[in-house]
Amino acid sequence: MNNFRIGNGFDVHALAEGLPMWLGGIRIEHNKGFVAHSDGDVLIHALCDALLGALALGDIGLHFPDNAQEFKGIDSKVLLERCMGLVGEKGYKLVNADCTILAQAPKLRPHIDRMRETLTPILGVPVDDLSIKATTTERLGFTGREEGVAVYATVLLCREE
């Protein structure tokens, strides 16, 4: 029986003008936001995929289909809470998570501490156990052209004692 499980997640959402930008559980003022069925929070979606993947439970689309009316416009923090519920049901807890946001704009460093403070109560870990970093792609690719934002997330789970 495995005492530790590692998972990784990846998510991308397109950007469009006039939509709200929800990232890391908080609203960020910007002229563009995410095109999505839910609120489009790519950071939370990547975390959900990492959590689900660590336990071989499929992906976010399996649990929260983007054609289901019940998830239309849903706050992604609710999806994260449900994923953490599945983690607990399987007898695991989060040890730590490491996330990297790929976005040309807006500058995210001023928002990262608030993201960590918002997400750690849901994840059940201290702030020091959630790393969120942001980087640009030096204007290369779809993130560099500000067409979308991508996030990588890695989690370590351990069996509850």
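The values are calculated or read from the model by the stated rules, or taken from the named source; none is laboratory data. Since this is a predicted model, take the numbers as computed values, not measurements. Cβ coordinates were reconstructed from backbone atoms using ideal geometry, including for glycine residues, and neighbour counts include every protein chain displayed. Heavy atoms of the whole protein, side chains included, go into the accessibility calculation; ligands, DNA and RNA do not. Shrake-Rupley method; radii C 1.70, N 1.55, O 1.52, S 1.80 Å.
Expressed per residue, the C-alpha convex hull volume of the chain stands at 102 Å³.
Using a simple spin-label model with pseudo-atoms 7 Å out from Cα toward Cβ, residue 118 and residue 35 lie 2.3 nm apart.
Calculated accessible area for the chain comes out at 50 Å² per residue, all protein chains present (probe 1.4 Å; ligands, DNA, RNA ignored).
Sorting the segments 35-41, 63-69, 140-146 by their residues' average number of neighbouring beta-carbon atoms within 10 angstrom, most packed first, yields 35-41, 140-146, 63-69.
At 1.4 Å probe size, with the rest of the protein present, what percent of the exposed accessible area of the chain is carbon and sulfur atoms? It is 50 percent, rounded to a whole number.
Taking a virtual spin label 7 Å from the Cα of residue 63 along the C-beta vector, which residues in the stretch 103-141 bring their backbone nitrogen under 13 Å of it? Label zone hits: 123.
Net length available on complete extension from residue 129 to residue 147 is 3.4 nm, with 0.36 nm assigned per residue and the Cα-Cα distance removed.
Were the residues from residue 81 through residue 159 laid out at 0.36 nm apart, the gain over their Cα-Cα distance would be 26.3 nm.
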